[in-house]
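The values are calculated or read from the model by the stated rules, or taken from the named source; none is laboratory data. Computed from a predicted structure; not experimentally measured. So basically every Cβ, Gly included, is an ideal-geometry build from the backbone, and we count neighbours across all protein chains shown. All accessible areas refer to the heavy atoms of the entire protein, side chains included, with ligands and DNA or RNA removed. Shrake-Rupley method; radii C 1.70, N 1.55, O 1.52, S 1.80 Å.
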Amino acid sequence: MNIFFLGGMGTLLLIGLPVAFTLGLLTIGGMYFFNGGTLAFNQIPIISYKALDSFELTALPLYVLMSQILLVCGVGKDLYEMASKWFRHLPGGLAIGTIFCCAIFAAISGSSVATAVTVGSVAIPEMVKRGYTKRYVLGLVAAGGTLGILIPPSVPMILYGNITGESVGKLFIAGIVPGLLLTLLFTIFASWQTRHIKEKAATWAERFEASKKAIWGLILPVIIIGGIYSGLFTPTEAAAVGVIFSLLVAGLAYRNLTFKNMKEILFSTVQTNAMILFIIVGAMLLGFILTVLRIPQTITEMATSWDVSPWVIFILINIVLLILGCFLETVSIIVITVPILYPIITSLGFDPIWFAIILVINMELALITPPVGLNLFVLKGVDKSASMSEITRGVFSYAIIMILFIGLLAIFPEIVTFLTNTGNIK
């Protein structure tokens, strides 16, 4: 019966039914057949309410709103200009500047899509004009954009914390060193690939002028991460502070916050959050049926009973996540798999904070693996002349780097955990 139920979910997803509707249909069917017929439907509003009745989840719409404000007001353009001025004299300098810009914008947006769109719209035409091949540039921006969910703030980390009860503040702090290290690896590889391209250095006056324009974008990550690490405020309070700061920057520094684009910002924010929250409700409803059928317990018992090393199961989990990433977007994967994987990971003795970062890197891979890698489609929209195969070929090397990076974190978990054991994190 469990196999039949899981098979039904896979079939509905494969035929293209939206994830939220798939979860809802399975829940209705499961409640009717496995939990007492139509009377079980009384559980639907109760579970739906409990799924969203979380103070920590308040951070989600706030970070999305902050991301949209910064996207519209033009912070990304100034960050790219600053990065290009400081790095263009190095071998592959514009490539280094693009990765650096992705990392900074990731730290103020929490969104890979927003990072890819913002940086891509500026970097792609500029780098192609200066001699970089389009395939290389598209791959660089697609991979750099994925840093948006690893470097905090991060929407997937908020979801993971909400589902498992782990501290979102610790999850954010745990993502800092891996995020910076992956940025460094991307930078080294990008510079090596384009080492033959070198440009005239910008003057110090040009560098400081560009930095002065980008200062507002540089301050925000310091406020958010510094406030969380010092214990000054929680991740949710940090999101509220970030929104207020973003509004002040857009309204007073950039002076381009109009009624028209504020309407656009709010509409896009509501649309994004409605999609995410709808999936969360569907996943929590499905979780009720999975619990009734004892699917998580059965899988956990089966995994822990195998006479194999926990690392074998860890590798299998990563393979499953990689396959799912080819067909589902990140929010769906997290809300479907975490309730099943979390008890397995903890029962095997793995650190749940460490595993969260492993999961997020897998979600980065999901953003750039065809056929439904979201960043691939986003960049296809930014540069309509690009082909999907061109973007995929460009990003392949960075996907390999991410897979190797997961291995590095598995060997040295302290890269993830040592910061979470310091500071006054709420």
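Out of Ile299, Gly131, Ser397, whose Cα points farthest toward the positive end of the dipole of the chain (charges: +1 Lys, Arg; -1 Asp, Glu; placed on Cβ)?
Among Ile299, Gly131, Ser397, the one farthest towards the positive end of the dipole of the chain is Gly131.
If we sort 138-144, 350-356 on the protection proxy, mean other Cβ atoms within 10 Å, highest first, what's the order?
138-144, 350-356
Accessible area per residue for the chain in Å², computed with a 1.4 Å probe and the full protein assembly in place, what is it?
43 Å²
For segment 270-426, how big is Rg over Rh, using alpha carbon atoms and the Kirkwood form of Rh?
1.00
Please work out how much length the chain gains when fully extended from Val292 to Arg207, using 0.36 nm per residue of separation minus the C-alpha to C-alpha distance, in nm with one decimal.
Length gained, Val292 through Arg207: 24.5 nm.
Give me Rg/Rg_expected for the chain, where Rg uses Cα atoms only and Rg_expected = 2.2 N^0.38 Å with N residues.
Dividing the Cα Rg of the chain by 2.2 N^0.38 Å gives 0.99.
Go through Leu247, Pro371, Gly325 and say which Cα lies farthest out towards the positive end of the charge dipole of the chain; charges sit on Cβ, +1 for Lys and Arg, -1 for Asp and Glu.
Positive-end residue among those listed: Leu247.
For a Förster distance of 30 Å, can you work out the FRET efficiency between the beta-carbons of Cys326 and Glu126, rounded to the nearest 0.05?
Step by step, r from the Cβ atoms, then E = 0.45.
For the chain, with only Lys/Arg (+1) and Asp/Glu (-1) charged at the beta-carbon, what is the dipole magnitude about the Cα centre, in debye rounded to 20?
Computed about the Cα centre, the dipole is about 1300 debye.
With springs only between Cα atoms under 10 Å, which of Val137, Val122, Val335 fluctuates most in a Gaussian network model of the chain?
Judging by the Gaussian network model, the answer is Val122.
Is any helix in the chain, taking whole DSSP H runs, at least 30 angstrom long along its axis by alpha carbon and on average at least 0.5 on the Kyte-Doolittle scale, and which ones?
Passing helices, by number: 204-230, 259-292, 388-411.
Compute the Kirkwood hydrodynamic radius of segment 124-270, taking the inverse of the mean of 1/r over all pairs of distinct Cα atoms, and give it in Å to one decimal.
This gives a value of 18.2 Å.
To the nearest 0.05, how large is the calculated FRET efficiency for Asn42 and Arg393 if R₀ is 41 Å and r is the Cβ-Cβ distance?
My answer for the efficiency is 0.20.
What does the charge add up to near Tyr132, with Lys and Arg as +1, Asp and Glu as -1, over the other residues with Cβ less than 14 Å from its Cβ?
Summing Lys and Arg as +1 and Asp and Glu as -1 gives +3.
How much length would be gained if the chain were fully extended between Leu404 and Ile315, taking 0.36 nm per residue of separation minus their Cα-Cα distance, in nm to one decimal?
Roughly 30.8 nm would be gained on extension.
Assuming 0.890 mPa s and 25 °C, estimate D for segment 99-170 with Stokes-Einstein, Rh taken as the Kirkwood radius over Cα pairs, in µm²/s.
192 µm²/s
State the extension gain, in nm to one decimal, for the chain segment bounded by Ile299 and Gln271, taking 0.36 nm per residue of separation less the distance between their alpha-carbons.
Length gained between Ile299 and Gln271: 6.6 nm.
About the Cα centre of segment 179-336, how large is the charge dipole given +1 on each Lys and Arg Cβ and -1 on each Asp and Glu Cβ? Please answer in debye to the nearest 20.
680 debye
With the cut-off at 21 Å, report for segment 195-354 the share of all Cα pairs above it, as a whole percent.
Of the Cα pairs, 69 percent sit more than 21 Å apart.
Summing -39500 (n - 2.57) over the DSSP H runs of n ≥ 4 in the chain and dividing by its residue number, what mean residue ellipticity at 222 nm do you reach, to the nearest 500 deg cm²/dmol?
-25000 deg cm²/dmol, from helical runs alone.
In this model, which of Lys77/Lys380; Lys77/Lys198; Lys134/Lys198; Lys134/Lys260; Lys85/Lys134 are farther than 26 Å apart at the alpha-carbon?
Lys134/Lys260
Counting only Cα atoms, I'd like the Rg/Rh figure for segment 22-102, Kirkwood definition for Rh.
Expressed as Rg/Rh, it is 1.40.
Please list 217-225, 195-203 highest first by mean number of surrounding beta-carbon atoms within 10 Å per residue.
217-225, 195-203
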